[in-house]
Amino acid sequence: MARVTGANSTFAIFEEQVYGVDPVSPDAKKLYLTNMGLDSTRKLIDDETLTSSRTRGKPFNGNIDVNGSLEAVLSAQATGLLFKHMFGTVVHSGAGPYTHTYTVGALPESFGVEVDYGSVISGAGRYVRYNGLRINKAAFKFPTEGACTVSFDVLGAAATSFAAPLDETITDSGHTAWSVFNATIKEGGAVSAQVKTLDFDLMNDLDADGYVIGSAGKRVDAIEGFSTVSGTLTALFKDTALLDKAAAGTTSSLEITLTRGDGLGTANNESMTFTIPNLLYEQKKPGIQGPKGVLITLPFKAYGAGGLGGMQLVVKNAVATF
């Protein structure tokens, strides 16, 4: 018996020029995910009318809530469009290889994601198209070993089933996953050999209550608020430098670079550099969990200063645009 499996599913991403509306000339890109957690739910609201009996009347439809996560292993190719909709601003340069510089700015209009469940499903329902998507939060994790990952929390407007894809020819830029063994971390401008793990989030603070009368329960917008960057650094306790910064309220910085080959951007020589240029560590003393080594775990918050936002990203690869 044929079965629908995640391994045989395909994901495509496309930009929208009007919120929640399919583009007239779609240019869909293949999206590589480890988990596609988008869903569309609609609650039912009880009718409280008194009808001389204990039997309720027919319930009302509530608002449609499209939300969920898109999870991926970081790569220098296929997540470029998601980064654009996470930061807001991207500048492309170079003539091959290319450099893509992402900075915090007004978010683009919106994007869509289409899921293809595979040829096991025929007719309407093989494809589900999510429209009006905007990124509320992106959570990055850099462990001691294994894959470097990102999870995008997304809000949207609608989810619709189709028998055919929006774009028959999806552009596939490839996907070469990053291991943390490709990473170098700088703390305060100097390469650190003490960091065990680094997690950080970029929050866009979307307004999830974008419903209006006459929209048939669809979200008509999800307007962004502050761009907030925060995270947690865990390091070996070899000296008091980090603790002293936290205690004194001294501004520091973090930079994590993923590099393959020479990192200049040709195929198999890509790089990604996340920079948090201004941050403060929260004061926190290290605990002792036993006789072995002691760890420092410091939450931090980033801030904008000198024209710099809370975080920037530079990607070098062989992909011209996203």
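The values are calculated or read from the model by the stated rules, or taken from the named source; none is laboratory data. Treat the numbers as computed from the prediction; the structure is a model and nothing was measured. Note: ideal-geometry Cβ built from the backbone for every residue, glycine included; neighbour counts use all protein chains shown. Calculation scope for accessible area: heavy atoms of the full protein, side chains included, ligands and nucleic acids excluded. Shrake-Rupley method; radii C 1.70, N 1.55, O 1.52, S 1.80 Å.
So between Leu236 and Phe181, what do we pick up on full extension, going 0.36 nm a residue minus the alpha carbon distance? All intermediate terms of the calculation are to be shown ahead of the outcome.
On the way: separation 55, 0.36 × 55 = 19.80 nm, distance 1.76 nm.
Between Leu236 and Phe181, full extension yields an extra 18.0 nm.
By accessible area of protein heavy atoms, probe 1.4 Å, what ranking do His100, His92 get, highest first? Let's see the in-between values first.
Values: His100 0, His92 75 Å².
Accessible-area ranking of His100, His92, largest first: His92, His100.
Among all the aspartates and glutamates, which ones have a C-alpha under 13 Å from Lys245's C-alpha, if same-chain residues fewer than 8 places away are not counted?
Glu187, Glu282
Which lysines have a Cα lying under 24 Å from the Cα of Lys30, excluding residues fewer than 8 positions away in the same chain?
Lys84, Lys137, Lys141, Lys316
Using +1 at the C-beta of Lys and Arg and -1 at the C-beta of Asp and Glu, which of Val24, Ile13, Ile64 has the Cα lying farthest in the positive direction of the dipole of the stretch 10-92?
Ile64
Please work out the C-alpha center-to-center distance from the stretch 114-169 to the stretch 52-75 and express it in whole Å.
18
Measuring with a 1.4 Å probe in the full set of protein chains, what accessible area per residue, in whole Å², belongs to the stretch 78-142?
Details: 2110 Å² over 65 residues.
Value for the stretch 78-142: 33 Å² per residue.
With N residues in the stretch 144-197, what two-decimal value do you get for its Cα radius of gyration over 2.2 N^0.38 Å? The partial results should precede the final answer.
Numbers: Rg = 19.1 Å, N = 54, 2.2 N^0.38 = 10.0 Å.
Taking the Cα Rg and dividing by 2.2 N^0.38 Å, one obtains 1.90.
Take the chain, connect every pair of alpha-carbon atoms lying under 10 Å apart with a spring to form a Gaussian network, then pick out the residue of Lys141, Lys292, Lys29 with the largest mean-square fluctuation.
Residue with maximal mean-square fluctuation among Lys141, Lys292, Lys29: Lys292.
Quick one: P(r) of the stretch 1-83 from all Cα-Cα pairs, 5 Å bins, percents rounded to integers, in order of increasing distance.
3, 10, 13, 15, 15, 12, 9, 7, 6, 6, 4, 1, 0, 0
Roughly how many Å² of Thr234 are accessible to a 1.4 Å probe, to the nearest 10?
20
Report, ordered by chain and residue number, the lysines lying within cross-link reach of Lys238, taken as a straight Cα distance under 20 Å and ignoring same-chain residues fewer than 8 apart.
Lys186, Lys196, Lys284, Lys285, Lys292
Per residue of the stretch 250-255, in order, report the coupling 6.51 cos²θ - 1.76 cosθ + 1.60 (Karplus, θ = phi - 60°) as ³J(HN,Hα) in whole Hz, putting x for Gly and Pro.
7, 5, 10, 8, 9, 9
At each listed q (0.10, 0.17, 0.18, 0.19 Å⁻¹), what is the log10 of I(q)/I(0) that the Debye formula gives for the stretch 114-256 modelled as equal alpha-carbon point scatterers?
Debye curve over Cα of the stretch 114-256, log10 I(q)/I(0) at q = 0.10, 0.17, 0.18, 0.19 Å⁻¹: -0.58, -1.07, -1.12, -1.17.
What figure, in Å² to the nearest 10, do you get for the accessible area of Ile296 with a 1.4 Å probe and non-protein molecules left out?
Using a 1.4 Å probe on the heavy atoms, I get roughly 0 Å².
Taking the Cα centre as origin and putting +1 on Lys and Arg beta-carbons and -1 on Asp and Glu beta-carbons, what dipole magnitude results for the chain, to the nearest 20 debye?
On the way: 26 positive and 32 negative charges, 158 e Å.
For this selection, approximately 760 debye.
Per residue Cα convex hull volume for the stretch 177-322, in cubic angstrom?
Details: hull volume 28.1 nm³, N = 146.
Here the figure is 193 Å³ per residue.
Determine the shape class of the stretch 200-241: with a ≥ b ≥ c the square roots of the Cα gyration tensor eigenvalues, call it rounded for a/c under 1.5, and otherwise prolate if a/b is greater than b/c, oblate otherwise.
Values: a/c = 8.89, a/b = 4.88, b/c = 1.82.
Prolate is the answer for the stretch 200-241, as a/c is 1.5 or above and a/b outweighs b/c.
Among Leu33, Leu82, Leu295, determine the one that fluctuates most according to a GNM of the chain built with springs between C-alpha atoms less than 10 Å apart.
Leu295
Among 158-169, 310-321, 70-81, how do they line up by average Cβ neighbours within 10 Å per residue, starting with the highest?
Result, highest mean first: 70-81, 310-321, 158-169.
Pick from Ala305, Ala246, Ala138: which is most flexible by mean-square fluctuation in a GNM of the chain where alpha carbon atoms under 10 Å apart are linked?
Fluctuation is largest for Ala305.
Going by average Cβ neighbours within 10 Å, how do the peptides 84-91, 48-55 rank, with the highest at the top? Before the final figure, lay out the partial values.
Numbers: 84-91: 19.4, 48-55: 6.6.
Final packing ranking: 84-91, 48-55.
Using Cα-only point scatterers and the Debye equation, what is log10 of I(q)/I(0) for the chain at each q in 0.07, 0.09, 0.10, 0.16 Å⁻¹, rounded to two decimals?
Values returned for q = 0.07, 0.09, 0.10, 0.16 Å⁻¹ are -0.35, -0.55, -0.66, -1.34.
Calculate the length of the line joining the C-alpha centroid of the stretch 198-215 to that of the stretch 3-39, in whole Å.
Using only Cα atoms to place each centre, the spacing works out to 20 Å.
Please report, largest first and rounded to whole Å, the three semi-axes of the ellipsoid equivalent to the stretch 227-311, where each semi-axis is the square root of five times an eigenvalue of the C-alpha gyration tensor. Can you show the working numbers first?
Working: eigenvalues 159, 79, 18 Å².
Each semi-axis is √(5λ); the values are 28, 20, 9 Å.
Per residue Cα convex hull volume for the stretch 89-191, in cubic angstrom? Each step should come with its number before you reach the end.
Details: hull volume 18.7 nm³, N = 103.
In the stretch 89-191, the Cα hull volume divided by residue count equals 181 Å³.
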